[in-house]
Amino acid sequence: GENVEQHPSTLSVQEGDSAVIKCTYSDSASNYFPWYKQELGKRPQLIIDIRSNVGEKKDQRIAVTLNKTAKHFSLHITETQPEDSAVYFCAASIGYGGATNKLIFGTGTLLAVQP
Amino acid sequence: DTEVTQTPKHLVMGMTNKKSLKCEQHMGHRAMYWYKQKAKKPPELMFVYSYEKLSINESVPSRFSPECPNSSLLNLHLHALQPEDSALYLCASSHLPSGMPYNEQFFGPGTRLTVL
């Protein structure tokens with residue numbers, strides 16, 4: 001089955017610095033890669049996602065890159081702010097065309113942005 | 001309404017109790033999901049309903065019984081749980097339009113369950 005590895009498990013940066021979180025997936029059939037942010041005691045919220053036919057996607061301070069050959073995808077946050085502090089989960093999914101997509105989550109990265 | 005709601009927010013139950021968790025969405029989503037999340041761990045898929053039919057059961061013990069009475073509601077019936085079942089139970093929903101194999105899953109706030 002699909003397996004997703006995520007690194008690092010914890011990441012501490014200074015406000016204004018960039019943060020990078022990396023994930024590796026095992027199933028080459030995976031075709032959808034969302035990133036979720038989960039604040040303490042809150043629900044996971046989608047912050048950005050990328051399809052397998054795209055190499056990079058950007059939304060303001062957040063970007064995601066995908067290397068299908070290496071089965072790697074990464075989250076990049078620039079100009080970090082204290083409110084970016086949270087646990088970030090990557091996920092990989094195989095879609096079945098009109099059916100449900102089953103998400104397999106990475107182990108999570110606790111990001112702490114120091115003011 | 002663009003939210004998934006869950007009730008109750010917190011639940012404490014004994015091992016002999018029967019209780020139910022409820023999830024509701026009014027976004028017209030036809031896929032609904034139950035996840036279990038232990039502290040400092042990622043969400044772990046339990047069940048998936050597609051068009052009100054159970055499509056995925058991730059080998060979940062029978063003491064957890066899902067039900068999807070209509071396209072907006074999802075229940076999880078609990079019976080004879082163990083202390084290790086204590087966790088945050090998250091519901092999610094997503095669209096199922098034809099020709100779109102991958103769709104954003106919207107999560108509810110979760111029910112924090114404690115089994116004594």
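The values are calculated or read from the model by the stated rules, or taken from the named source; none is laboratory data. These numbers were taken from a predicted model, which means no experiment stands behind them. Every residue, glycine as well, gets a Cβ built from its backbone with ideal geometry; the counts of neighbours run over all protein chains shown.
Some values worked out for this structure:
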{"quantity": "Search result, residues across the stretch B:36-49 that are within 8 Å of chain A (Cβ to nearest Cβ) and among the aliphatic types (A, V, I, L, M)", "calculated": "B:Leu45, B:Val48"}
{"quantity": "So B:Lys9, is it charged (D, E, K, R), closer than 24 Å to A:Gln38 by Cβ and surrounded by 19 or more Cβ atoms within 10 Å (Cβ to Cβ)", "calculated": "no"}
{"quantity": "Residues that are within 14 Å of chain B (Cβ to nearest Cβ), out of contact with any Phe, Trp or Tyr (no Cβ under 9 Å at 6 or more places or on another chain) and either among the charged types (D, E, K, R) or under 19 Å from A:Ile104 (Cβ atoms) (or both), drawn from the stretch A:46-72", "calculated": "A:Lys57, A:Asp59"}
{"quantity": "Residues within the stretch A:62-89 that are over 26 Å from B:Gln37 (Cβ atoms) and in contact with a Leu (Cβ under 8 Å, 6 or more places away or on another chain), tallied", "calculated": "1"}
{"quantity": "Wholly enclosed strands (runs of 3 or more DSSP E) of the stretch A:13-115 bearing at least 3 residues of a type in the set (A, V, I, L, M) and under 22 Å from B:Glu3 (Cβ atoms)", "calculated": "A:45-51, A:86-94"}
{"quantity": "The stretch B:3-35: number of residues that are away from chain A (no Cβ under 12 Å) and among the basic types (Lys, Arg)", "calculated": "3"}
{"quantity": "Among the candidates A:Thr24, A:Thr10, A:Thr78, A:Thr69, residue that is over 26 Å from B:Lys9 (Cα atoms) and in contact with an Asp or Glu (Cβ under 6 Å, 6 or more places away or on another chain)", "calculated": "A:Thr24"}
{"quantity": "Failed condition for B:Ile56, given (1) in contact with a Leu (Cβ under 9 Å, 6 or more places away or on another chain); (2) touching a residue at least 24 places away in the same chain (Cβ under 8 Å); (3) among the hydrophobic types (A, V, I, L, M, F, W, C)", "calculated": "(2)"}
{"quantity": "Selection within the stretch B:1-32 - modelled with pLDDT of 95 or more and under 18 Å from B:His95 (Cα atoms)", "calculated": "B:Val4, B:Thr5, B:Cys23, B:Glu24, B:Gln25"}
{"quantity": "Positions within the stretch B:48-63 being at pLDDT below 95 and under 20 Å from B:Leu81 (Cα atoms), in sequence order", "calculated": "B:Asn57, B:Glu58, B:Ser59"}
{"quantity": "Residue match in the stretch B:15-33 (condition: of a type in the set (S, T, N, Q) and in contact with a Lys or Arg (Cβ under 9 Å, 6 or more places away or on another chain))", "calculated": "no"}
{"quantity": "Subset of the stretch B:80-98 that is of a type in the set (A, V, I, L, M) and under 21 Å from B:Lys9 (Cβ atoms) - its residue that is surrounded by the fewest Cβ atoms within 10 Å (Cβ to Cβ)", "calculated": "B:Leu88"}
{"quantity": "Among residues of the stretch B:68-79, those that are surrounded by 15 or more Cβ atoms within 10 Å (Cβ to Cβ) and either over 14 Å from the mean Cα position of the chain (by Cα) or not aliphatic (A, V, I, L, M) (or both), counted", "calculated": "5"}
{"quantity": "Evaluation of B:Gly28 against (1) touching a residue at least 24 places away in the same chain (Cβ under 8 Å); (2) assigned to a strand (DSSP E or B); (3) over 25 Å from A:Gly106 (Cα atoms) (one fails), failing number", "calculated": "(2)"}
